[in-house]
Amino acid sequence: AITSAADKNAINTFYLGLKSDGIYTKIKAMYLPIWGSAATCKWNLVNNRTYDLTIVNGFTFSSGGMLPIGTSAYADTFLAPSSAYSSADSKHLSFYSRTNAATSGSSSSIGSDNGSTAFSRMTLRGASNQLAHIYGGTNGTYVSTETNSLGFYLANRSTSSASQLYKNGSLVGNGNSANGTSSQITQTLLISAARSGLSIVYYDNKQCAFASIGDSLTSTEVTNFRNRVQTLMTYFGINV
């Protein structure tokens, strides 16, 4: 339903850049929810009708992204790491946040967990201003003094014992907790909340302008990915 030739060209340039950088084939799902309605924001831009979003409860939609309202809004990607990934040791999550605010309790901007034994999620400024990602077990990477949650965040699991947390293309934290195939989660990943066991919890308050789920990226690919996303956000006038 995109009718603007300039918009089409900007998005096409974004795709071509991801392909020339070797990133596109590593992405399982990618979302650009800036089109003003649930129906137009739901599409997986890598392969629509596979991992398209089901958007639940209170969001507001605008050219700046989808903003969760209240404490019950979430979008289900229907992507479960246990079935989508060939390895528990190669994966990433990304989220472009246009909201600078902490949450009143624990939160998850993107991801889910099995309830107690396996986690795959990322928090941007939770109740204690922490920036965190947790991959595999109960340990992860935390930055407890994060007071600005604007920009492009990416959590990466590169090996069985190494994970990284990036903000705007720069490394801000390393995690060394062990991970293995037994840590693959079966819960589908959510945007603006998380599944934890059978419950949906950790509701977030960040406006999402872009998100992706995929295989592990190198540090160079993370920087290139951020630059491609930022160029696209700048074109639409919603960069932060």
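Laid out as a table, the results:
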{"quantity": "Among (1) 45; (2) 36; (3) 18, the entry that matches percent of Cα pairs over 29 Å apart as calculated here", "calculated": "(3)"}
{"quantity": "Spatially near lysine pairs across the chain, Cα under 24 Å, sequence gap of 8 or more or different chains", "calculated": "20"}
{"quantity": "Gain on full stretching of the segment that runs from residue 1 to residue 235 - 0.36 nm per residue minus C-alpha separation", "calculated": "82.4 nm"}
{"quantity": "In Hz, Karplus ³J(HN,Hα) per residue of segment 26-42 (6.51, -1.76, 1.60; θ = phi - 60°; x = Gly, Pro)", "calculated": "8, 9, 8, 8, 8, 10, 10, x, 10, 9, x, 7, 4, 5, 8, 9, 7"}
{"quantity": "Global form of segment 57-113, assessed from the alpha-carbon gyration tensor, a/c cut-off 1.5", "calculated": "prolate"}
{"quantity": "Distance between modelled label sites at residue 10 and residue 38, nm, 7 Å Cα→Cβ extension", "calculated": "2.6 nm"}
{"quantity": "Share of carbon and sulfur in the accessible heavy-atom surface of the chain [1.4 Å probe, %]", "calculated": "48 percent"}
{"quantity": "CD proxy at 222 nm, helix term only [per DSSP H run n ≥ 4: -39500 (n - 2.57); per residue of the chain; nearest 500]", "calculated": "-5000 deg cm²/dmol"}
{"quantity": "Qualifying trypsin sites (Lys or Arg not before Pro) for segment 1-91 [loop in DSSP, other Cβ within 10 Å: at most 12]", "calculated": "49"}
{"quantity": "Solvent exposure of the chain as accessible area per residue, Å², 1.4 Å probe", "calculated": "39 Å²"}
{"quantity": "Estimated FRET transfer efficiency when R0 is 30 angstrom, pair residue 72-residue 19 (beta carbons, to 0.05)", "calculated": "0.20"}
{"quantity": "Contact order normalised by residue count of segment 89-240, Cα under 8 Å, 6+ apart, percent", "calculated": "32 percent"}
{"quantity": "Selected from 86, 199, 161 as most flexible by GNM, with the chain as the system and alpha-carbon contacts under 10 Å", "calculated": "199"}
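The values are calculated or read from the model by the stated rules, or taken from the named source; none is laboratory data. Computed from a predicted structure; not experimentally measured. In this analysis, Cβ positions are derived from the backbone assuming ideal geometry, glycine residues included, and neighbour counts consider all displayed protein chains. Only protein heavy atoms, including side chains, enter the accessible area calculation; ligands, DNA and RNA are left aside. Shrake-Rupley method; radii C 1.70, N 1.55, O 1.52, S 1.80 Å.
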